[in-house]
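Just so it is clear, none of the values below were taken in a lab; they were calculated from the coordinates. None of these values were measured; they are calculated from a predicted model. Here the Cβ is made from the backbone with ideal geometry for all residues, glycine too, and neighbour counts use every protein chain on show.
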Amino acid sequence: MKISIVGCGYVGTVTGVCFADFGHDIIFYDIDGKKLDLLARGEAPIYEPSLDGLIRKNREHLVTTPDLTAAVRDTDITFVCVGTPSRQDGSIDLAYILSAGATIGEGLQEMPGFHSIIVKSTVFPGSTEGPVRSVIEQESGKQAFVDFGLGSNPEFLREGNAVRDFCEPDRIVLGTGDTRTARMLGNLYASFTCPKIETSIRTAEMIKYASNAFLATKISFANEIGNLAKKLGIDSEEVFAGVGLDSRIGPAFFRTGIGFGGSCFPKDVRALIAGAGGHGEDLHVLHAALRVNEDQPLRLFRLIQARIPDLKGRRIGILGLAFKPDTDDVRESRAIPIVRALLDAGADIIAYDPLAMENFAALFPQIDYAPSARAVLSADAVLITTEWEEFEHLDYSGATVIDGRRIAAASRTAEIYEGVCW
Ligand code: UDX
């Protein structure tokens, strides 16, 4: 099949490259010419394990273009994978998706054949059939579900694990409103053996939001129970090992610590709350999940403050800046509120991360960055903020360590050691 990908960020690049690996022909488009140049040179515009190799392997199936209308005309199906950032009030900003929709509409104008537009970006339920449909109809002068197809096919790609998540998904969600698009998507995913859920477009959109909101809530729930467990002298890891064995609950996403970050959970939960507010619904559980998540990093800060009441001029080491391991992404990283609180208290910070130092330095140029994890350990205290594997077995002896991710192997025994949510 011939596929256009609009947006060469995280989701678009992984989706396009993986579809190419399944034998499809891909045309990438992005408003940012630099991303297209990188792809054209065979390099990934984002960091993701094994992606560079897949790009090199499938180069003859990967083309880039600065002309989206031409891309639409030359392909059967377009996947919209542009960003959906938050507005000030947490609600979702559809500006990029609508501007892509307008250009796609232009492309459809003189197109004789049937073309389907599939939204992969995370959008509030009703967005595809509402504003996205309107802008495409307006620009093309054609009618959705009759002259062109529309659909929603949300992604469930975790950063750092995205290629595997694409190739071996738990499920595939196909939201459509016309049979031709349903058939096209069915063919595209024919070789996948996982369950496929065929739904309406707005149901597919809701599945994505509800999944992320549930996982975010699960982490915040674990953190609240963990906070209490710590006060009672109970190890929360053991508690959740026991809880997770209930097949109705499951063991994943019960890791306690300084909470969830990243480009999806915080943004999607806020967007769901804001969107629900527009329909007169107050999502109390999700409000609470966000509140817990905001307080978890401050707990880490309070732990260090309890040890070093006057942080002015004291050297504090930070291990981990990425929002999670195996990525250079620092969006909503839990290290951000911690570093901010430490700077406000006058601390002197030295930080290390295997991948994310450059991105973090764009936000915090005023702190020091270390060449290795070991170089951070001589600080007055060390905070572990990302669960990178290389932090598990460092020799922490002699250092004051507070583990915000419960990963250091020394944690079970060392006296110098304390953690959030133990
Ligand atoms: C998430 C969803 O998992 C994915 O399905 C969706 O499509 C995009 O958003 P991602 O943001 O890449 O993926 O990261 P994920 O692995 O889900 O972790 C999110 C955050 O939760 C990280 O900051 C991680 O450290 C934290 N986390 C995760 C916990 O604190 N405890 C856990 O048990 C699991």
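Using R0 = 30 Å, the C-beta based FRET efficiency linking LYS2 and ASP93 works out to 0.50. Mind giving me the nanometre distance, one decimal, between the label points for ASP235 and ALA276, set 7 Å out from Cα along Cα→Cβ? Between ASP235 and ALA276, the simple spin-label model gives 3.5 nm.
The fraction of all Cα pairs in the chain landing in successive 20 Å bins from 0 to the largest distance is 25, 52, 22, 1, given as whole percents. Within the chain, which DSSP H helices have Cα atoms that stretch 18 Å or more along the helix axis and a mean Kyte-Doolittle hydropathy of at least 0.0? Helices meeting the criterion: 95-109, 201-231, 265-278. Taking the DSSP beta bridges with both ends in the chain, the antiparallel portion is around 5 percent. A simple spin-label model places the labels of LYS142 and ALA361 4.8 nm from each other, with each point 7 Å out along Cα-to-Cβ. Restricting the stretch 246-342 to trypsin sites (Lys or Arg not before Pro) that sit in a DSSP loop and have at most 12 other Cβ atoms within 10 Å of their own Cβ leaves ARG248, LYS312. Rounded to the nearest 5, the antiparallel percentage of DSSP beta bridges internal to the stretch 2-199 is 10%. Measuring between alpha carbons in the structure, the pairs from LYS2/LYS324; LYS2/LYS35; LYS57/LYS120; LYS35/LYS120; LYS120/LYS218 lying more than 29 angstrom apart are LYS2/LYS324.
For the pair SER134 and ARG291, the difference between a 0.36 nm per residue extended length and the Cα-Cα distance amounts to 52.9 nm. The slack in the chain from ALA40 to ASP74, taken as 0.36 nm per residue of separation less the alpha-carbon distance, amounts to 10.4 nm.
Calculate, in whole percent, how much of the Cα-Cα pair population of the stretch 2-199 lies beyond 27 Å.
For the stretch 2-199, the share of Cα pairs beyond 27 Å comes to 23 percent.
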